[in-house]
Amino acid sequence: MKSVIRFSILASGSGGNSCYIETDSARVLIDAGLSCREIERRLNIVGVSAKNLNAIILTHEHSDHIRGAGPLARRYNLPLYINSRTLKQGQKTLGKLPILVLIQTGEPIEINNLLVETFTKCHDAVDPMGIVLSSDGLRIGLATDLGRSTRLAEERLKDCQALIVEFNYDPDMLDDGPYPLFLKRRIKGPDGHLSNQQGGELVSALSHVSLKCVVLAHLSETNNHPEKAHQTASEVLGNCGLKETDILIARQDEPGPMIEL
């Protein structure tokens, strides 16, 4: 019998990021940038108990991705998968870890029947990872906290049935907004974040007839608007002949629905 893969974006944005993925035998968190208690609460909302998790995987060391990882790992005796440079940079926030699994960016991880492929991405962290999760031919690509797309990223992210892609900012809103100049430059820089247009270009490059769902993630609450991001994604998918592909917007303040492929 063909297995299924499900996921929910528990939180997405500068205030904290976490994504839950499950198969029939694996339950994994990608990043844990909320408090332990808040992650537990949001998992409960989507019908999952934190005590049933199998692992936490961290993509990079920024606090909005690792804040709750140490407490959650300690409370439930969970293995934490992380590359060595990210561990060194985030050690103070993470604290003592019960089960540490050091990985190398670019090498795959197997957690029961879930394959986790990692690849280098462009972001201002010491060794940031993009991720593709797959099981029985079903693939979910996670491409957030990305300053620019690369040939490597597009090669690794191809043929996914679901894409979680950064649509961080609208350029005009960022330019006219309240952020200081240095921060605007960081966001727009090659190791910062993707604009709506850049996110749309990545979706276009990765589009194919079996793409069922695109989640727009890491939207800035100051420099973007959900309607702007959605309009860009809708136009891109329409131009690719994929008007039936679902578009969802990940939220900062509440978990998204459980999506099944």
>> Tally up the residues in segment 16-67 that are on the phi > 0 side of the Ramachandran plot and among the charged types (D, E, K, R), please.
In response: 1
>> Pairs please, first residue from segment 244-261 and surrounded by fewer than 17 Cβ atoms within 10 Å (Cβ to Cβ), second anywhere and at pLDDT below 95 and among the hydroxyl-bearing types (Ser, Thr, Tyr), Cβ atoms under 7 Å, 6+ apart in sequence or on different chains.
In response: none
> Here is a list of conditions, (1) in contact (Cβ under 8 Å) with a residue 60 or more places away in the chain; (2) assigned to a loop (DSSP other than H, G, I, E, B), and Gly106 meets all of them except one; can you say which number that is?
Replying inline: (1)
>> Just to confirm my filter: which strands (runs of 3 or more DSSP E) fall fully inside segment 157-261 and include at least 3 residues that are within 17 Å of Ser12 (Cβ to Cβ) and among the basic types (Lys, Arg)?
In response: none
>> Looking at Ala205 and the list (1) touching a helix residue (DSSP H, G or I) at 6+ places or on another chain (Cβ under 8 Å); (2) on the phi > 0 side of the Ramachandran plot; (3) of a type in the set (Gly, Ala, Ser), which single condition is not satisfied?
In response: (2)
> With (1) exposed (fewer than 14 other Cβ atoms within 10 Å of the Cβ); (2) touching a residue at least 24 places away in the same chain (Cβ under 8 Å) as the list, and Ala233 as the residue in question, which single condition is left unmet?
Replying inline: (1)
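Quick one: is Gly147 without any contact (Cβ under 8 Å) to a residue 24 or more places away in the chain, surrounded by fewer than 23 Cβ atoms within 10 Å (Cβ to Cβ) and assigned to a loop (DSSP other than H, G, I, E, B)?
Values: without any contact (Cβ under 8 Å) to a residue 24 or more places away in the chain: no; surrounded by fewer than 23 Cβ atoms within 10 Å (Cβ to Cβ): yes; assigned to a loop (DSSP other than H, G, I, E, B): yes.
No.
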> Which residues, taken from segment 178-201, are more than 17 Å from Asp145 (Cα to Cα) and buried (at least 16 other Cβ atoms within 10 Å of the Cβ)?
Replying inline: Tyr179
> Are any of the residues in segment 87-102 within 29 Å of Lys212 (Cβ to Cβ) and surrounded by fewer than 20 Cβ atoms within 10 Å (Cβ to Cβ)?
Replying inline: no
>> So the check is Cβ under 7 Å with 6+ separation or different chains; which pairs have a first residue in segment 202-221 that's surrounded by 21 or more Cβ atoms within 10 Å (Cβ to Cβ) and a second one that's charged (D, E, K, R)?
In response: Leu206/Glu154; Leu206/Lys158; Ala217/Glu166; His218/Asp145; His218/Glu166
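The values are calculated or read from the model by the stated rules, or taken from the named source; none is laboratory data. A quick note: this is a predicted structure, and the numbers were derived from the prediction, not measured. Because the Cβ atoms are built from the backbone with ideal geometry, glycine has one as well, and the counts that use them run over all protein chains shown.
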